[in-house]
Amino acid sequence: MSRVTSTKVNTTPFEGQKPGTSGLRKKVKVFQQEHYTENFIQSVLSALGDRIDGCTLVVGGDGRYLVKEVVDIIVKMAGANGVKRLIIGQHGVLSTPAVSCLIRKYQTMGGIILTASHNPGGPDGDFGIKFNCANGGPAPESVTTEIYNISTKISSYSIASDISCDIETIGTTSHSVDGRLYIVDVVDSVDDHLHLLRQIFDFDAVRRLLTGSDGNEPLRIRIDCLNGVTGPYARRVFCDELGAPHESVVHSQPLPDFGGIHPDPNLTYAKSLVDAVKQGGQGFGSAFDGDGDRNMILGEGAFFVNPSDSLAVIANNLDCIPYFKRLGVRGLARSMPTGCALDRVAAAKKLDLFEVPTGWKFFGNLMDAGRLSLCGEESFGTGSNHIREKDGIWAALAWLSIIAQRQQSVQQILEAHWDEYGRNFFTRYDYENCESGPCEKMYSELDQLVSDSSTVGREFSSGGKSYTVAKADNFCYTDPVDQSVTKNQGIRLIFSDGSRVVFRLSGTGSSGATVRLYVESYERENTKVDPQVALGPLLDIALTVSKLREHTGRQEPTVIT
Ligand code: G1P
Ligand code: ZN
């Protein structure tokens, strides 16, 4: 046991240490400023108040540039601040879902996740620090506000600089910090999450599907980890456990700069997966983001499953997953901008349906209250109450379980779903890194439009289609569990046929402003028309009403989903 003493280092506040939708995200260079990271970690630890004394915390990151250095700082500061035990993923690596799993399994006070999720990494890329609470979910607004308030007044931080810890090797080390026992556990990054997944899914059934041991042609899959954190998880799950050949999992080495890949699983940034599945003839493809909570699902010929549809299909087939058969299904939920396909499944199955603001933290309260089993977002996030984060590998396994049981292709499953419920055509346009001022002006003009009582009833036309506004507002959410109110969550124009246009400003960007435009159009019969045809008129209306091109100076979006 090493014996060390802590010191207090004087510091002054940095501006802007305000955690956004998913933690504090800035350029790596910002975190590299002297005291910057220490100030924020101290603010996180201080926000725990007395609860820090003798507590356990989990720490891990997505393998990006700076993770190891910041893990080292946390090791030294947690001990100095009275934490009794720190659980760290080997090499400092833990996916976001794995952190949530560990917090819950070992009933810790919370965890610190080092990631900027799907934002690029490397010395010129992004870094992020996110705090998750004892339920395993992202800290709610009350906690992030407290962290921020502390960061604006901070005058010193505590650190035990002499603690050294080998995070490359699994094992436990004990230290005495100012006479208090401090234990650091370096654990296998995958074991606990894998153990949980084994309890949720029928691994035997998926193994039969992937190996052909049931006498059928094996389903060939391609899993692209985009050099993010999921590589070690995907290799263990899909290859070692489920028998997929090793070449099925690609870009599976977590790299500090993701090998130059933008680790966001969508049609733009995961185009290499789209092309490979098209050429390779695999029947299933999936990609995950840097920290492993997002997923994209493809079928044969790179048939794209829109995330809002993916959520609805999983909801419609929960009986293919033993976990839900065992525990029953409480309720379903989606974030407000997410397409409404889920609502139709909820209605058919007589399940509660919750519409919450963007960001996973809003699902947590409902899950903790036992009212929510399955939820998702249009932004490639899908998950359940097995943890309190979205879970990319879980989503891929959910799909493989459905394919195994239904013995249908991805496309057949989708088409059967549309036949049953109709189709909610959905698209999202992202205008990344715009100038903030004009975007805020556009948003406030839209806010005025929806507060104007004459907007309801107005008719908009384009391309031979007309839409009448049935409801217009700036989405405001009252949490049904604790009655907390979250305002200003996005401009909505809801039309009389259920079609919708939504505008939001991103809360996760690290610089400038990102405008998100969501357009959704419902078709009961014409479910196989080209999505561009189905959505074109409404898109045109959205761009005209908002004067988006004039305000942002952008003719085209950066990313289309
Ligand atoms: C984005 C997504 C949102 C997701 C969040 C974290 O937030 O839109 O659904 O929860 O990333 O992955 P935004 O940048 O839109 O605030
Ligand atoms: Zn992520």
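On C-alpha positions alone, give me the angle between the axis of helix 410-421 and the longest principal axis of the chain, in degrees, nearest 10.
On a 0 to 90 degree scale, this one is about 60.
Note down the relative contact order for segment 54-108 as a percent, whole number, built from C-alpha pairs under 8 angstrom at least six residues apart.
With pairs under 8 Å counted, the relative contact order is 55 percent.
Relative to the longest principal axis of the C-alpha atoms of the chain, give the angle of the C-alpha long axis of helix 191-200, reported between 0 and 90° and rounded to the nearest 10°.
Tilt of helix 191-200: around 40 degrees.
Quick one: longest stretch of the chain between exposed loop GluC sites (Glu not before Pro), exposed meaning at most 11 other C-beta atoms within 10 Å and loop per DSSP?
169-524
Quick query: amide H of Ala116 versus all other amide H atoms, modeled in the peptide plane; which residues come in under 5 Å with a sequence gap of 5 or more or a different chain?
Excluding prolines and chain starts, which carry no amide H, the hits are Gly128.
Write down the Å³ per residue value for the convex hull defined by the alpha carbon atoms of the chain. Please report the intermediate quantities before stating the final value.
Working: hull volume 79.7 nm³, N = 561.
Value for the chain: 142 Å³ per residue.
Tell me the net charge near Leu66. Cut-off is 15 Å between Cβ atoms, Leu66 excluded, with +1 for each Lys or Arg and -1 for each Asp or Glu.
On the way: positive: Arg25, Lys26, Lys27, Lys29, Arg64, Lys68, Lys130; negative: Glu34, Glu38, Asp62, Glu69, Asp72, Asp124, Asp126, Asp257, Asp291.
Taking every Cβ under 15 Å from that of Leu66, the sum is -2.
Please work out the C-alpha center-to-center distance from segment 469-499 to segment 2-19 and express it in whole Å.
Measuring centre to centre over Cα atoms gives 40 Å.
How many nm is it between the label spots at Asn216 and Asp166, if each spot is 7 Å from the Cα in line with the beta carbon?
Modelled inter-label distance: 4.8 nm.
Can you pull the semi-axes for segment 423-561, root of five times each eigenvalue of the Cα gyration tensor, sorted largest first, whole Å?
23, 20, 16
Tally up the carbon and sulfur contribution to the accessible surface of segment 342-454 as a whole percent, 1.4 Å probe, everything protein left in place.
40
Would you mind working out the magnitude of the charge dipole of segment 1-86 relative to its Cα centre, with +1 at each Lys and Arg C-beta and -1 at each Asp and Glu C-beta, to the nearest 20 Debye?
Value, rounded to 20: 160 debye.
Going through segment 319-365, which trypsin sites (Lys or Arg not before Pro) have at most 11 other Cβ atoms within 10 Å and a DSSP loop state? Write down the numbers at each step before the final one.
Details: sites: Lys325, Arg326, Arg330, Arg334, Arg344, Lys349, Lys350, Lys361; in loops: Arg330, Lys349, Lys350.
Here the sparse-neighbourhood loop sites are Lys350.
Between 0 and 90 degrees, rounded to the nearest ten: what's the tilt of helix 36-46 against the longest Cα principal axis of the chain?
Helix 36-46 sits at roughly 90 degrees to that axis.
Quick check: net charge around Gln282, other residues with Cβ under 10 Å of its Cβ, Lys/Arg +1 and Asp/Glu -1?
Once all neighbours under 10 Å are counted, the net charge is +2.
Sort 173-181, 103-111, 530-538 by packing, meaning the average of other beta carbons within 10 Å per residue, with the highest value first.
103-111, 530-538, 173-181
About the Cα centre, and with charges only on the beta carbon of Lys, Arg (+1) and Asp, Glu (-1), how big is the dipole of the chain? Nearest 20 debye, please.
Using Cβ point charges on Lys, Arg, Asp and Glu, the chain gives about 660 debye.
So what's the net charge close to Cys434: Lys and Arg +1, Asp and Glu -1, counting the other residues with Cβ under 12 Å from its Cβ?
Working: positive: Lys441, Arg516, Arg549, Arg554; negative: Asp430, Glu432, Glu435, Glu440.
The answer is 0.
Which lysines, if any, have their Cα less than 25 Å from the Cα of Lys390, not counting same-chain residues under 8 positions apart?
Lys18, Lys26, Lys27, Lys68, Lys105, Lys130, Lys271, Lys325, Lys349, Lys350, Lys361, Lys487
Of the beta bridges DSSP finds with both residues in segment 1-147, what % are antiparallel, to the nearest 5?
If I count the DSSP bridges inside segment 1-147, around 50 percent turn out antiparallel.
Divide, for segment 407-505, the radius of gyration over alpha carbons by 2.2 N^0.38 Å, where N is the residue count.
1.39
How about segment 372-478: which chymotrypsin sites (Phe, Trp or Tyr not before Pro) there are in a DSSP loop, with at most 10 other Cβ atoms within 10 Å of their Cβ?
none
Take the Cα atoms of segment 301-374, build their convex hull, and give its volume per residue in Å³.
Roughly 102 Å³ of hull volume per residue.
With all protein chains present, how much of the accessible area of segment 25-148 (probe radius 1.4 Å) comes from carbon and sulfur, to the nearest whole percent?
On segment 25-148, the fraction of accessible area on carbon and sulfur atoms equals 48 percent.
Scaled to the compact-protein estimate 2.2 N^0.38 Å, what is the alpha-carbon radius of gyration of segment 158-261, rounded to two decimal places?
Cα-based Rg divided by the globular estimate yields 1.49.
Rank by packing, highest mean first: peptides 74-84, 117-127, with packing defined as the count of other Cβ atoms within 10 Å averaged across residues.
Averaged packing, sorted descending, gives the order 74-84, 117-127.
So what's the back-of-envelope 222 nm ellipticity for the chain, counting only DSSP H runs of four-plus at -39500 (n - 2.57) apiece and dividing by all residues, rounded to 500?
Computed mean residue ellipticity for the chain: -9500 deg cm²/dmol.
If I take all pairs of Cα atoms in segment 1-106, what percentage of them are more than 17 Å from each other?
58
Ignoring ligands, DNA and RNA, what accessible area per residue does the chain give at 1.4 Å, in Å²?
37
Taking 0.36 nm per residue of separation and subtracting the Cα-Cα distance, what length does fully extending Asp497 through Asp482 add?
Separation in residues times 0.36 nm, less the Cα-Cα distance, equals 2.1 nm.
The values are calculated or read from the model by the stated rules, or taken from the named source; none is laboratory data. All figures in this text were calculated on a predicted structure; none of them were measured in a lab. Positions of Cβ are backbone-derived with ideal geometry, glycine not excepted, and every protein chain shown enters the neighbour counts. Note: accessible area is taken over every heavy atom of the protein model, side chains too, but ligands, DNA and RNA are not part of it. Shrake-Rupley method; radii C 1.70, N 1.55, O 1.52, S 1.80 Å.
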